[in-house]
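K.L.:
Here it is, the structure in full.
The values are calculated or read from the model by the stated rules, or taken from the named source; none is laboratory data. Just so we're clear, the structure is a prediction, and the values are computed from it rather than from any experiment. Glycine gets a Cβ as well: all are built from the backbone with ideal geometry, and neighbour counts include every protein chain shown.
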Amino acid sequence: MIKNLLLVLNLLVNPIILFAQDFQVNVSKVELKRDYEGFLLQLEVKKGSKRDKIIAGNYSSSYAFLRSYSFEEQIKILEELAKYFTDFSLCSEKVSARFLTTRVQGVTKVESTQYCIAIEAMFLMNYMAFGEAGMYLAKYPVLFNKCTRKEINMNDSENIIKMTKIYSNWINNLKSKGYISHYDLLDFYDKEIIWVDMTKMPPAREIIWALQDMYSRPYIKPLL
């Protein structure tokens with residue numbers, strides 16, 4: 001009987017060990033001198049012989065990044081990136097609009113010129129998780145306080161932490177739900193801290209209609 005019990009335990013544990021050996025995520029903070037002397041995040045995933053990378057400063061490489069992985073792997077990638085939620089180091093690139101080819105424009109300009117690593121980590125998650133639908137969250141890596149009606153300075157750790165808590169709760173809720181949906185992005189709209197572009201987004205009903213149309217196209221794979 002003990003022998004059979006050990007066999008069962010071995011069958012349960014081995015897949016976990018194999019997963020850990022076969023799948024590895026490394027998020028690193030790369031020191032670069034561009035617009036400023038600062039840092040940018042780089043992410044590399046190893047899965048068997050496959051290698052995927054989000055290159056520091058190349059935000060387009062984050063587009064729909066998670067879609068190549070299982071749900072458990074997606075969560076692992078998000079959790080590794082979330083380790084930088086308390087890093088307020090200066091990013092080496094100045095604030096500028098990203099993903100300019102998106103159909104939704106958001107705000108046309110911002111006052112902020114600098115952002116920190118914690119904000120970059122969340123900004124990367126937007127497009128890693130939601131792909132094209134990420135345009136309904138942010139084009140600029142700039143946060144906004146709906147109560148004060150002001151952009152959040154990169155040194156405003158209190159308000160930045162409020163936003164990182166929202167993202168941490170989202171990741172935890174995903175574990176309970178078991179999947180990522182492009183409709184998850186609507187949950188970010190009812191919070192005190194939002195992305196600055198969300199101040200110029202269409203009503204939620206219109207966004208839902210747009211998402212339904214977007215993911216009914218055969219060449220786009222939804223995360224449902």
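K.L.:
Using beta carbons and a limit of 9 Å, which pairs, at least six apart or on different chains, have the first residue in segment 187-214 and modelled with pLDDT of 95 or more and the second one of a type in the set (Asp, Glu)?
P.N.:
Taking only residues 6 or more apart or on different chains, the pairs are 196/151.
K.L.:
Kindly establish whether residue 132 is part of a helix (DSSP H, G or I), free of Cβ contacts under 8 Å to residues at least 24 places away in the same chain and not hydroxyl-bearing (Ser, Thr, Tyr). Show your work before the answer.
P.N.:
Values: part of a helix (DSSP H, G or I): yes; free of Cβ contacts under 8 Å to residues at least 24 places away in the same chain: no; not hydroxyl-bearing (Ser, Thr, Tyr): yes.
So residue 132 fails the test.
K.L.:
If you scan segment 135-159, which residues turn out to be within 15 Å of the chain's Cα centre (by Cα) and outside any strand (DSSP E or B)?
P.N.:
Selection gives 135, 136, 137, 138, 139, 140, 141, 142.
K.L.:
Select from segment 135-163 the residues that are touching a residue at least 40 places away in the same chain (Cβ under 8 Å) and farther than 30 Å from residue 212 by Cβ and list them in ascending order.
P.N.:
Pass one, segment 135-163, residues touching a residue at least 40 places away in the same chain (Cβ under 8 Å): 136-147, 151-155, 157, 160-161, 163.
Within segment 135-163, 145, 147, 151, 152, 153, 154, 155, 157, 160, 161 meet the criteria.
K.L.:
In segment 167-197, how many residues are part of a helix (DSSP H, G or I) and in contact with a strand residue (DSSP E or B) (Cβ under 7 Å, 6 or more places away or on another chain)? Steps first, please.
P.N.:
So the first thing to find is which residues in segment 167-197 are part of a helix (DSSP H, G or I), and the list is 167-177, 182-190, 196-197.
Among the residues that remain, those that are also in contact with a strand residue (DSSP E or B) (Cβ under 7 Å, 6 or more places away or on another chain) are: 188, 196.
Count: 2.
Here's the yes/no breakdown for (1) of a type outside the set (Ser, Thr, Tyr); (2) surrounded by fewer than 16 Cβ atoms within 10 Å (Cβ to Cβ):
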| position | (1), (2) |
| --- | --- |
| 108 | no, yes |
| 118 | yes, no |
| 121 | yes, no |
| 128 | yes, no |
| 135 | yes, no |
| 140 | no, no |
| 144 | yes, no |
| 165 | yes, yes |
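K.L.:
While we're on this one: Run down 160, 152 and say which single residue is buried (at least 17 other Cβ atoms within 10 Å of the Cβ) and within 17 Å of residue 83 (Cα to Cα).
P.N.:
160
K.L.:
Can you pull out every residue in segment 91-106 that is under 19 Å from residue 116 (Cβ atoms), buried (at least 16 other Cβ atoms within 10 Å of the Cβ) and either among the small types (Gly, Ala, Ser) or touching a Leu at 6+ places or on another chain (Cβ under 8 Å) (or both)?
P.N.:
91, 92, 93, 97
K.L.:
Among the residues of segment 169-188, write down those that are among the hydroxyl-bearing types (Ser, Thr, Tyr) and exposed (fewer than 12 other Cβ atoms within 10 Å of the Cβ).
P.N.:
176, 179 - these are the residues of segment 169-188 that are among the hydroxyl-bearing types (Ser, Thr, Tyr) and exposed (fewer than 12 other Cβ atoms within 10 Å of the Cβ).
K.L.:
Working carefully through the options 38, 106, find the one that is part of a strand (DSSP E or B), among the small types (Gly, Ala, Ser) and in contact with a helix residue (DSSP H, G or I) (Cβ under 9 Å, 6 or more places away or on another chain).
P.N.:
After ruling out the rest, the residue left standing is 38.
K.L.:
On to the next question. For segment 51-63, check the following and say yes or no: at least one residue is under 23 Å from residue 133 (Cβ atoms), basic (Lys, Arg) and either modelled with pLDDT under 95 or loosely packed, with under 13 Cβ neighbours inside 10 Å (or both).
P.N.:
So far as segment 51-63 goes, no, none of its residues is under 23 Å from residue 133 (Cβ atoms), basic (Lys, Arg) and either modelled with pLDDT under 95 or loosely packed, with under 13 Cβ neighbours inside 10 Å (or both).
K.L.:
Can residue 101 be described as over 12 Å from the mean Cα position of the chain (by Cα) and at pLDDT 95 or above?
P.N.:
Taking the combined requirement at face value, the residue does not satisfy it.
K.L.:
Kindly check whether there is at least one residue in segment 67-90 that is surrounded by 23 or more Cβ atoms within 10 Å (Cβ to Cβ), outside any helix (DSSP H, G or I), modelled with pLDDT of 95 or more and touching a strand residue (DSSP E or B) at 6+ places or on another chain (Cβ under 6 Å).
P.N.:
No; the residues of segment 67-90 include none that is surrounded by 23 or more Cβ atoms within 10 Å (Cβ to Cβ), outside any helix (DSSP H, G or I), modelled with pLDDT of 95 or more and touching a strand residue (DSSP E or B) at 6+ places or on another chain (Cβ under 6 Å).
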